[in-house]
Structures are given as structure tokens and as C-alpha cells.
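Enquirer: After the C-alpha cells below, expect a handful of questions from me.
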Amino acid sequence: MGDHLQVHLKNEKFIPMKNAQKIEKVPLVGQSLEKIILNVQEMGFPKFRGKQIFQWLYQHRVNDFSDMKNVPNAIREKCGESFNIHPLELKLHTQSNQEPTEKFLFTLKRGENIESVLMKDRKRNTICISTQVGCAVDCDFCATAKMGFQKNLTVGEIVDQFIQVQNLATIPITNIVFMGMGEPFLNYKNVISAADLLNHPEGTQMGARRITISTAGVVSKIKQFAEEKHKYKLAISLNASNESVRKEIMPITKTHGLNALMEAADIYYQSSGRFPTFEYVLMEGINDSLRDAHDLTRLIGRQPCKLNVIPYNEIGGYYKRPSDDKIKSFLSQLKNVPFQVTVRWSRGTDIKAGCGQLAASSDS
Ligand code: SF4
């Protein structure tokens, strides 16, 4: 075991923070190809060197300028004077004992913490990335909401979660979901720029159909997303079969009503030809009755869509996961519905990496 690695518990690795002076440099991860080319030209070097640096950052995911093999020393040294590579520092890496799921706790420049989760499946390895520190949307059942809103992540802080997790993972990441801490559409510009960078043909090259942006239902931004014709998939966190329950558990419904949300989802479908996915977190006594299943079918069955049912991951509060029998009978009501239904049994709940459990704490 080296100086830089201490084993805390059986499955936790604590990574000591590096000195603050280094962090004060401007991170390159997060910068677009155009911006990096401009930086390089301002330093007096030719344009193609900028493209090479871009590829080293996003395709090869190097951690040091000295690893940029085809870039001359003079350029690497000059870059190193003003820039560093990563905007995030990894603080804690936790592996679930129950499932092939890992959680990563990162620290930002000013000391705030965020989390990312990597879930491995037979066919897909999905990273769930954060877009804000905390969240202002205040869904009653969510651990992130308890932190309140602290700040929007920069493009670099969003993209670097993927870069660093991919470097630590032993398998290639096949899918990205913007579904960690925060409401992505309340950090719209940076989220779209981050998705564009992750999709860039000279960089990470993640296919647009493998990138999903999830929203609690910011109607104006869903419409904007549709109008701007982005190629990424859209998920909408619905969680209720009617307006009154949704207002109780998701206060955003008071300003972004259910009818307007359904209309926006349909605009997305009409403009993109892609089915929006509705996420439905199943909570005991809140939204898990047969009547709820019936009302849900009526609500979303009018338009092309998919449904993900996610049995609730408890966070020690008021809300509970329904019994297995209750979950089964809810699902049996959805057998002949006109949309595809998938059950997402959240992974990594033992390390609080399940959907709705992220709270950027190191006591998992
Ligand atoms: S569920 Fe999502 S949108 Fe709602 S409070 Fe949690 S992080 Fe924010």
C-alpha cells in the first residue's frame, strides 16, 4: 500500500487531497475543442496542437501533460504553467458488497462534494452523474433535496466525473445518465455543453442514444430541449398518477403542472421521434395502489412513451418501499398497457448509491 492510498474499511479507499496551489490553475477538462485551440494559439503554437491536446484529454484521458506523447515538451511545459487537467479530486471510492456497483465521492475546488455512481450490468455499464451540488427542487422523498441547493456544476465538473470514473473502472462505460445529484434542466446550458463534449467525435465519442438527461419536470426546458433538437434521450421523473399526490411529493408540480408536463413530453416526441421515458418511484401507500396503476396508464398511455418503475430506496425517513407482493400486484396491473414497462431494481443501496439516495457524504 503506497503513501497515497489508505484502506479505511474493507471496501473503501480514502484518497488524500493534493495541495491547493495546484488546484488554483485552470482545469482543461471541460473546455471545448475551439477553446483549447484558442488557448494553444494564444501561447504561440499552431492550431493542430490544440486538437492533439483535446484528444489526449478526452480520448486517452491522461492525468498529466507529460503523458501527451506527440505534443512537444515546450507546449506541455507552457500548458502546465497555466492549466491543470482535472477540475475534480477523487475523495472516496466505495464498492458495493451486494452488487457490481461503485460510488465515487469527488471534491470541487471550493471544497463542496458531489457523487457519481457506476452500475455494471451484463450488457450495459452505466454512469449516473451529478449536475449540481445539492438541489433546489425539493422532492420530499430524496436525500439530495435535504442538502438544499448549493451551486451549479461547471461543464468540466460534469464531464470530469465520466473521465475519472472511466479511468478507474475496469470495464468500458456504455451509457451515461444525468440523474445524480441535482436537476439537470436547472443547469441547462452546462448540461447540454457537457453532453456535447461527451458525444464529441474527436473526444469521448459516447453515442447520443447512450446519453440520457433526466428532469423532474421543468416544462420550459423540456420544450427548449425539443425545439433545439438535441439528440440525447429524455427521462421525466413522474412518480405520481395524479396532480394532487405529485404536488405533495414533488413541489415543482405547483409551478409546472401535470397537464403542461404531459404536453411538453409530447412536444419532445413529436419533434424528435423518440419516446420519452417516465420514471415512477414506487412508494408504499403513496403511489402503489391498483388505482394508481390504472390512473397512471390513463395519464401516460395517451402518448408514445416508456415507463421505468423503480421500487423506492429508503433513506431512513417517512417514505418506504412497498412489499414485494405489493410491487408485483402493481406491475401485474401494467401487463397489457400500450407502452413498454421496465422495472429498475436500484443497485448499490448498501452504499447509498441507489436512485434518490445520493447525499455526498463519506459515511456510506
Ligand atoms: S429527485 Fe432529483 S430533482 Fe428531486 S430533489 Fe432529488 S435530485 Fe432534485
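The values are calculated or read from the model by the stated rules, or taken from the named source; none is laboratory data. None of these values were measured; they are calculated from a predicted model. With ideal geometry, Cβ positions are generated from the backbone for all residues, glycine too; neighbour counts draw on all protein chains shown.
Enquirer: Among the residues of segment 99-106, is there at least one that is over 21 Å from E314 (Cβ atoms), in the same structural domain as E248 (by TED's automatic domain parsing), within 16 Å of the ligand (Cβ to nearest atom) and buried (at least 23 other Cβ atoms within 10 Å of the Cβ)?
Expert: Within segment 99-106, none of the residues are over 21 Å from E314 (Cβ atoms), in the same structural domain as E248 (by TED's automatic domain parsing), within 16 Å of the ligand (Cβ to nearest atom) and buried (at least 23 other Cβ atoms within 10 Å of the Cβ).
Enquirer: If you take the residues of segment 223-246 that are in contact with a Gly (Cβ under 9 Å, 6 or more places away or on another chain) and part of a helix (DSSP H, G or I), which of them is surrounded by the fewest Cβ atoms within 10 Å (Cβ to Cβ)?
Expert: Here the residue is E243.
Enquirer: Would you mention how many residues in segment 135-190 are more than 16 Å from the ligand (Cβ to nearest atom) and in a loop (DSSP other than H, G, I, E, B)?
Expert: The number of residues fulfilling the criteria is 7.
Enquirer: Can you name the residue in segment 319-337 that is part of a loop (DSSP other than H, G, I, E, B) and without any contact (Cβ under 8 Å) to a residue 40 or more places away in the chain and is also farthest from the chain's Cα centre (by Cα) among such residues?
Expert: In this case the residue turns out to be N336.
Enquirer: Quick one: which of R302, R298 is part of a helix (DSSP H, G or I) and of a type in the set (K, R)?
Expert: R298
Enquirer: Looking at I176, I158 in this structure, which one is without any contact (Cβ under 8 Å) to a residue 60 or more places away in the chain and either surrounded by 20 or more Cβ atoms within 10 Å (Cβ to Cβ) or within 24 Å of R124 (Cα to Cα) (or both)?
Expert: I176
Enquirer: What are the residues in segment 41-80 that are of a type in the set (D, E, K, R), surrounded by 13 or more Cβ atoms within 10 Å (Cβ to Cβ) and outside any helix (DSSP H, G or I), if any?
Expert: Matches in segment 41-80: R61 only.
Enquirer: What number goes with the only condition from (1) within 22 Å of Q340 (Cβ to Cβ); (2) out of contact with any strand residue (DSSP E or B) (no Cβ under 7 Å at 6 or more places or on another chain); (3) touching a residue at least 24 places away in the same chain (Cβ under 8 Å) that Y232 does not pass?
Expert: (2)
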